[in-house]
């Protein structure tokens, strides 16, 4: 899944642990939070659609992060049939891919050099007095 683009994700279950078709919620703004939801780790949650006993369709959420801030990240998908109580440890994951490069070797190298220079400066200051 690409960060910043909506994608469809089909979450499958087994016949032994099926999804159930929720009753239509009451209408009105106060009841909009109820219904099937999918949570994509730290990227947030979105509404979902019941397809059948073994399949739910989730849309990836809109994120506040720019694609350039994310390299590649794997997150777990959790489902809440009532919009509130998410299942734990679903074991279902999805990979979000952004345009970020992650930490390059130059950033790591420069950080190490600056840290070493700081240690040398502290030693010189303490023993130079």
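If we scan the range 105-122, do we find a residue that is touching a residue at least 24 places away in the same chain (Cβ under 8 Å) and either out of contact with any strand residue (DSSP E or B) (no Cβ under 6 Å at 6 or more places or on another chain) or exposed (fewer than 10 other Cβ atoms within 10 Å of the Cβ) (or both)?
no
Of the residues 4, 91, 83, which single one is touching a helix residue (DSSP H, G or I) at 6+ places or on another chain (Cβ under 7 Å) and modelled with pLDDT under 80?
Unique residue meeting the criteria: 4.
In the list 78, 82, which residue meets the criterion of being touching a residue at least 40 places away in the same chain (Cβ under 8 Å), under 20 Å from residue 40 (Cβ atoms), surrounded by 13 or more Cβ atoms within 10 Å (Cβ to Cβ) and in contact with a strand residue (DSSP E or B) (Cβ under 6 Å, 6 or more places away or on another chain)?
78
Could you go through the range 96-119 and let me know if any residue there is at pLDDT 75 or above, at negative phi and not in a helix (DSSP H, G or I).
Yes, some residue in the range 96-119 is at pLDDT 75 or above, at negative phi and not in a helix (DSSP H, G or I).
Give the residue that is nearest to the chain's Cα centre (by Cα), with candidates limited to residues of the range 53-75 that are touching a residue at least 24 places away in the same chain (Cβ under 8 Å), within 28 Å of residue 16 (Cα to Cα) and not in a loop (DSSP other than H, G, I, E, B).
Only one residue fits best here, namely 75.
The values are calculated or read from the model by the stated rules, or taken from the named source; none is laboratory data. Just so we're clear, the structure is a prediction, and the values are computed from it rather than from any experiment. Because the Cβ atoms are built from the backbone with ideal geometry, glycine has one as well, and the counts that use them run over all protein chains shown.
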